[in-house]
Structures are given as structure tokens and as C-alpha cells.
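Comments concern the structure below.
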Protein chains: 2
Amino acid sequence: MILEIADIHIPPGKNAEFDAAIQRGIETVIARAEGYRAHRIVRGIESPERYILMIWWQTLEDHTVKFRGGPLFAEWRAIVQPFFAAAPSVEHYSLVTASAGAAS
Amino acid sequence: MILEIADIHIPPGKNAEFDAAIQRGIETVIARAEGYRAHRIVRGIESPERYILMIWWQTLEDHTVKFRGGPLFAEWRAIVQPFFAAAPSVEHYSLVTASAGAAS
């Protein structure tokens with residue numbers, strides 16, 4: 001399992017709309033993707049227009065090849081891209097260590 | 001509960017040493033801090049010298065006031081700071097939404 005982390009910036013004043021849109025995008029599109037395992041979305045306290053989207057995928061290729069090269073990618077972009085103030089920075093990570101309570 | 005996210009860059013060739021040091025820092029210092037709840041450390045796949053450290057704190061002040069202003073901060077920095085290629089970027093986040101499986 002690998003972790004995708006996307007660093008997303010939206011324009012001021014759009015938080016409520018974006019919160020609803022990204023949740024809808026996850027539930028209606030990402031959740032149907034092959035290899036999708038889990039997600040977490042957090043919003044900045046110092047930077048309220050900054051969001052970190054974390055998606056756990058079974059393999060790197062489930063995201064970079066199958067999802068980005070498949071039909072779901074356009075559906076996802078149609079929902080969330082209108083809110084992007086800039087192109088999100090997206091990288092992938094593997095686990096070094098985590099506490100048992102890291103779920104919370 | 002809030003999430004601290006630190007974006008850490010280390011010099012090339014130091015991964016094994018840093019992996020051991022940051023785990024030791026978490027277990028021997030951070031775990032003793034008031035308000036510490038959980039942690040996760042991931043290492044970049046595209047950028048192997050990049051680490052994302054996530055720490056869940058009960059409140060923002062547990063990190064920014066009590067931890068940074070208390071005696072544990074110097075202990076923590078002594079363990080991890082020698083590996084920093086630059087000053088880490090650190091911000092705090094609140095949860096928007098997460099799947100039940102986000103623990104994995």
C-alpha cells in the first residue's frame with residue numbers, strides 16, 4: 001500500500017463549496033477506482049485555503065497508470081479542478097512507521 | 001484533535017540513519033509530550049530524501065505552546081535537526097473528512 005499526498009490551494013471564500021465538492025468527488029469517483037483503499041482530507045489552520053488530500057492505494061500504478069489513464073480521471077477533475085487556485089502538487093509515499101493510534 | 005504536518009528534506013544517502021533517528025525521537029521524546037495522540041511517518045517515492053511527519057495532538061496549543069515552549073523541544077531537535085537539509089515546513093490542519101479505513 002502507498003500513500004498519495006496532494007497539496008491543494010483554493011481561492012479565498014470557497015471553503016464550504018470545496019469541502020462539499022471534494023467529498024462528493026471522493027465518494028462518487030475515487031471510491032470506485034481500482035486499488036483505492038482509504039482517504040483523509042484535512043484543511044489548514046494557518047492557511048485555510050490549503051488542503052492536504054491523502055489517498056491510500058494498493059499499488060503506485062493503481063493511481064499513476066490505471067486511475068490517471070482511465071475514464072474516472074476526467075470525472076474527478078470535472079468536480080474538483082474548478083476550485084484549484086494552482087495546479088496541485090502530488091507525490092507518493094511509502095510508510096516508515098506509524099503508531100497504532102494513527103487512525104484517529 | 002489537530003494534525004501537525006512537517007515537510008522534511010534530508011541529504012542524499014542518509015535515509016537509514018534518519019529513519020532510525022526519527023523513530024527514536026518519536027518514541028523517546030514526542031510520545032512523552034502532553035497532548036500527543038498518534039503519529040505517522042512516510043518517505044517519498046519520487047523524492048526519497050523527502051519525509052512527511054504527521055503528529056496528532058489533542059489541541060493546537062499542546063504542540064505550539066506546551067511542546068515548543070517546554071524542555072522536550074530541545075531533546076527532539078538534538079535528535080532530528082542534524083539530518084535536516086533545510087528548515088522543515090510545519091503547518092497544522094483540522095479534519096474535513098476521512099474514510100473508516102484511513103488507518104491502514
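Coordinate-derived values only; no laboratory data. It should be emphasised that the depicted structure is a prediction, and the values quoted were computed from it without experimental measurement. Backbone-built Cβ (ideal geometry, glycine too); neighbour counts: all protein chains shown.
Some observations on this one:
- Count of the stretch A:59-104 residues which are touching a Gly at 6+ places or on another chain (Cβ under 6 Å) and either hydrophobic (A, V, I, L, M, F, W, C) or more than 12 Å from every other protein chain (Cβ to nearest Cβ) (or both): 4
- Among (1) more than 9 Å from chain A (Cβ to nearest Cβ); (2) surrounded by fewer than 17 Cβ atoms within 10 Å (Cβ to Cβ); (3) closer than 27 Å to A:I55 by Cα, the one test that B:E34 misses: (3)
- Residue that is farthest from A:Q23 (Cα to Cα), among those in the stretch A:35-57 that are touching a His at 6+ places or on another chain (Cβ under 9 Å) and among the charged types (D, E, K, R): A:E46
- Tally of residues being surrounded by 13 or more Cβ atoms within 10 Å (Cβ to Cβ) and either free of Cβ contacts under 8 Å to residues at least 40 places away in the same chain or of a type in the set (G, A, S) (or both) across the stretch A:49-67: 5
- Scanning the stretch A:1-19 for residues that are assigned to a loop (DSSP other than H, G, I, E, B) and either of a type in the set (G, A, S) or more than 9 Å from chain B (Cβ to nearest Cβ) (or both) returns A:I10, A:P11, A:P12, A:G13, A:K14.
- Subset of the stretch B:29-46 [touching a residue at least 24 places away in the same chain (Cβ under 8 Å) and either outside any strand (DSSP E or B) or over 18 Å from A:S99 (Cα atoms) (or both)]: B:V29, B:I30, B:R32, B:A33, B:E34, B:G35
- Of the residues making up the stretch A:79-93, those that are out of contact with any helix residue (DSSP H, G or I) (no Cβ under 7 Å at 6 or more places or on another chain) and in a helix (DSSP H, G or I) are A:Q81, A:P82.
- Every listed requirement among (1) within 11 Å of chain A (Cβ to nearest Cβ); (2) surrounded by fewer than 17 Cβ atoms within 10 Å (Cβ to Cβ); (3) β-branched (V, I, T) is met by B:I22 save one, (2).
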